[in-house]
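Trainee: One structure coming up, written as structure tokens, with questions to follow.
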Amino acid sequence: MSEALVFETGAPGSRILRSRMPPFELDPQETDDPDVQHVCISGELDLTNARELEERVAELTARSLVVLDLNRVVFIDSAALHVLFRTARTGRIGIVLSPAAPIARTVEIVGLSGAAVVAESVDDVLTGISAR
């Protein structure tokens with residue numbers, strides 16, 4: 001995913017350099033279990049796309065258990081975190097996240113692992129879900 005830097009006009013005579021990332025992407029991965037969908041998410045998750053994220057994840061969880069791989073998410077804000085918490089209440093998602101991932105510390109601070117299984121691999125997520 002390539003990042004574009006753009007200048008936007010701020011106050012008169014000033015310019016602000018901002019990063020403009022493409023919207024998030026969902027990349028389905030193959031699994032051996034037809035009752036489980038593994039989906040990698042990349043990009044930024046924030047207020048501008050939280051509703052779309054919620055709709056797309058809801059479509060997936062309506063059909064099966066979903067394992068969301070968040071290792072390629074580079075930014076997440078409270079709106080997107082709320083989506084993950086609301087979805088976690090359904091018991092239909094687990095999250096793959098490495099401690100080295102860009103959003104790992106944020107996810108740890110907000111305590112998402114208290115609402116959903118968060119682990120480093122799909123197998124660990126599925127084991128954690130079956131143990132709940």
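Just so it is clear, none of the values below were taken in a lab; they were calculated from the coordinates. What you are looking at is a predicted structure, and each value in this text was computed from that prediction instead of being measured. FYI the Cβ positions are ideal-geometry reconstructions off the backbone, even for glycines, and counts take in every protein chain you see.
Trainee: Hey, got the dipole for segment 57-132? About the Cα centre, +1 on K and R Cβ, -1 on D and E Cβ, debye to the nearest 20?
Mentor: It works out to roughly 260 debye.
Trainee: Once you put a point 7 Å from the Cα of residue 82 and another 7 Å from the Cα of residue 62, both along the Cβ direction, what distance in nm separates them?
Mentor: 2.2
Trainee: In whole Å, what is the distance between the alpha-carbon centres of segment 28-63 and segment 84-132?
Mentor: 14
Trainee: I'd like the projected area of segment 22-131, averaged over all directions, using the convex hull of its alpha carbons. Report it in nm² with one decimal.
Mentor: 6.1
Trainee: Still on this model: Could you work out how much longer the chain between residue 47 and residue 110 gets when fully extended? Use 0.36 nm per residue separation minus the Cα distance between them, nm to one decimal.
Mentor: Contour length minus the Cα-Cα distance gives 21.0 nm.
Trainee: Go through 73, 37, 47 and say which Cα lies farthest out towards the positive end of the charge dipole of segment 22-131; charges sit on Cβ, +1 for Lys and Arg, -1 for Asp and Glu.
Mentor: Looking along the dipole axis, the top candidate is 47.
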